[in-house]
Amino acid sequence: MVRPRGRRPHRQHHRSSAPGPLPIHPRLRSFFPHNSTPANSRLLEEPAANYRIAHQSALAVGNLDFPLSVVQQMIRMYDFDGNGTMSFEEFLALNKFLQKVQSVFSTQERGRGFLSLEEVYEALIKLGFSLDSPAFYTVCESFDKSKKGMVHLDEFISLCIFVQSARNLFNSFDTSKQGRVTLDFNQFVYCTANCRI
């Protein structure tokens, strides 16, 4: 079984460019305003409408309920043009990501409804995320609400949204594609604020 490298830190017990067009699923289409078309669909210029659409996309994955902060992060992650709203194409990209995360979770959880930390690590590898031991266990500590080493689907999705957001931000600074960046304090604050959940 694949395990993260290095010693596991002591756990404290405290609480890109836009993808091409995707096939349009009728159920997803129904989440959007009825007077819009696939070519020009864009959510109403109201934050509440964006949150509702992203939330419905998440609910479509597994009848889950996410806090507003996670829904906001979903929108930030797939608002490719940065205008604060989601087009239908951006919405489809979000839904595709959520479906992929759910599929990997379902493959790993073996009918128990949760993943062990080792299984979380393996699932992240399948999703293309490779974290060293300190980073991995720190992230798990943040999203394992029960602190029992059992990560449920909603927690796993939130974790993946955070890691994907962090990767997107890192890549925006790593213009030379060397896997390293140098940030001043203001840039660091910018990154942490944009990755918050």
Ser103 fails exactly one of (1) of a type in the set (Gly, Ala, Ser); (2) under 23 Å from Leu169 (Cβ atoms); (3) at pLDDT 60 or above, namely (2)
Do we have any residue at all in the stretch 119-142 that's within 19 Å of the chain's Cα centre (by Cα), open to solvent by 40 Å² or more (accessible area, probe 1.4 Å), at pLDDT below 90 and closer than 22 Å to Gln99 by Cβ?
-> no
Every residue from the stretch 143-197 that is surrounded by 19 or more Cβ atoms within 10 Å (Cβ to Cβ), β-branched (Val, Ile, Thr) and touching an Asp or Glu at 6+ places or on another chain (Cβ under 6 Å) | Val151
Which residues, counting only those in the stretch 83-118, are touching a strand residue (DSSP E or B) at 6+ places or on another chain (Cβ under 8 Å) and either under 19 Å from Val71 (Cα atoms) or of a type in the set (D, E, K, R) (or both)?
-> Thr85, Met86, Ser87, Phe88, Glu109
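The values are calculated or read from the model by the stated rules, or taken from the named source; none is laboratory data. A quick note: this is a predicted structure, and the numbers were derived from the prediction, not measured. Note that each Cβ is placed from the backbone with ideal geometry, even for glycine, and that neighbours are counted across all protein chains shown. Note: areas computed on protein heavy atoms with side chains; ligands, DNA, RNA excluded. Shrake-Rupley method; radii C 1.70, N 1.55, O 1.52, S 1.80 Å.
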